[in-house]
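Below is one structure, written out as structure tokens; the observations come after it.
The values are calculated or read from the model by the stated rules, or taken from the named source; none is laboratory data. Not measured: the values here are computed from a predicted model. Neighbour counts run over all protein chains shown; Cβ positions are idealised from the backbone, glycine included. What goes into the accessible areas is simple: the full protein's heavy atoms, side chains included, and nothing from ligands, DNA or RNA. Shrake-Rupley method; radii C 1.70, N 1.55, O 1.52, S 1.80 Å.
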Amino acid sequence: MAHAYTPGLKVTEGMTIQKERRLPLEGEVLVEAGVTVKAEDVVAKADLPGNVQLLNVANILSVPPEEVAEYMLKSVGESVAEGEIIATTKGIFGLFKSQARSPIDGTIESVSDVTGQVILREPPMPVEVKAYTDGTVTATLPNEGVTVETYGTYIQGIFGIGGETVGDLTVVAESPGDTLTAEQIQPDHRDKILVGGSLVATDAIQKAIQNGVKGIIAGGIDDADLRELLGYELGVAITGSEEIGITLVITEGFGSIAMAEQTFTLLKAREGMKTSINGATQIRAGVVRPEILIPLAEATAAASDAENDTTEGLLEVGSSVRIIREPYFGKLGRVTELPVELQNLETEAQVRVLRVELEDGEQTTLPRANVEAIEDR
């Protein structure tokens, strides 16, 4: 049978998922391999060194740099409080003293007899890495992190903003073509992850933030609404670090695009279940997809083994695909033919193509680069 390979977008009812949970610097791993963890459990922690501030004590005291050490009231390594006097001159008859006060809470890191500056370091910032999903720790990396494995539903989106969050899944939209409106978001949606349909607008997102909603999953978002929400034009750098109070996962693209029926049906079937989402997205080299992960308690080894037998990105007759170029952008279909011969485009370029039957029955021929596989196991 003819086949080809193309970038894949996972929409999977059940598969084995492994998540590496790693600290940004060496620290302490808190769990051992084989331990069952919850998404909210801290699996590793570290202390990120605090910021450094310079205090020119020689200038403040009007003394030569080499004499600063004589006037210090605090030694290297000692803790200081904001506003505390750390150096002072003797003054004249005990009067007219010059004093240098710490601008921060922290510790004295060094005193220079060359520049006359004292280096102060703010308190360390604790960094904690959580499991992110319910599962089992399958491996540990000493002082760095762990690998958490689970079996569950896994869906990749097209675009997202905001970092990792966890909450119970609530489907608000009646159908995949419905717009998620501000009126639909209620106070009892606090700490939930909401599922919309074709579009989520700024007013709905802001209402969700006010009501303490953890995340929103929707088919599309307007780029103008995104600019209004963020306050700036989003570039091609990785997203996920935005602190707007909510995480968004967009499954189809920009504009009003109905969520794929398969994706919506799958999310509807998982309503009420604990769900982990991450809006981190990168469209440059080293592609990062926003994701939805729903652990399933009824995982079986047989299901896991069956899932592992598939090949990622494989295209063959019958494969589900999403079109990622106009004029059919966002539409879903199934491959009906994979011609081997190169074909001419209107641009006179010669490319390999495929024949796709869209959900409405329409047949079209497209360059293979215009689609991505949907792994719908």
Q. Taking the Cα centre of the chain as the origin, how large is its charge dipole in debye, to the nearest 20, when only Lys and Arg (+1) and Asp and Glu (-1) carry charge on their Cβ atoms?
A. 500
**Q.** Identified option (computed Kirkwood radius over Cα pairs in Å; candidates [x] 21.7; [y] 22.4; [z] 24.4)
**A.** [z]
Q.
Pairs of alpha-carbon atoms within less than 8 angstrom and 6+ residues apart define the contacts here; what relative contact order does the range 5-117 have, in percent?
A. 23
Q) In the neighborhood of Leu293, defined by Cβ-to-Cβ distances under 11 Å, what is the net charge if each Lys or Arg adds +1 and each Asp or Glu adds -1? A) +1
Q) Could you give the alpha-carbon Rg of the range 1-81 over 2.2 N^0.38 Å, rounded to two decimals? A) 2.30
Q.
Counting only pairs 8 or more residues apart or on different chains, how many lysine pairs in the range 1-82 have their Cα atoms under 25 Å apart?
A. 4
Q.
At 1.4 Å probe radius, can you tell me the per residue accessible area of the range 215-263 in Å²?
A. 41
Q | Gap separating the Cα centres of the range 223-275 and the range 106-139, nearest whole Å | A | 33
Q: Name all residues of the range 106-128 having a backbone nitrogen under 17 Å from the label point set 7 Å from the Cα of Val35 along its Cα→Cβ direction, giving them as ranges.
A: 127-128
Q) Per residue, how many Å² of accessible area does the range 52-143 show with a 1.4 Å probe? A) 57
**Q.** Summed residue charge, Cβ within 13 Å of Glu271's Cβ, Lys/Arg positive, Asp/Glu negative
**A.** +2
Q. Across the Cα atoms of the range 67-165, what radius of gyration and what greatest pairwise Cα-Cα distance (Dmax) are found, in Å?
A. 24.7, 78
Q. Considering only protein heavy atoms and a 1.4 Å probe, what is the carbon-and-sulfur percentage of the accessible area of the range 219-267?
A. 51
Q: Could you order Val52, Val63 so the one with the most accessible surface comes first? Probe is 1.4 Å.
A: Val52, Val63
**Q.** Listed residues Ala39, Ala69, Ala182, most fluctuating in the chain (Gaussian network, C-alpha, under 10 Å)
**A.** Ala69
**Q.** Around Gly27: net Lys/Arg minus Asp/Glu count, Cβ-Cβ under 11 Å
**A.** -3
Q) What nm value, rounded to one decimal, do you get for the distance between Arg352 and Phe329 when each label is placed 7 Å out toward the C-beta? A) 2.6
Q | Percentage relative contact order, the chain, counting C-alpha pairs under 8 Å, at least six apart | A | 19
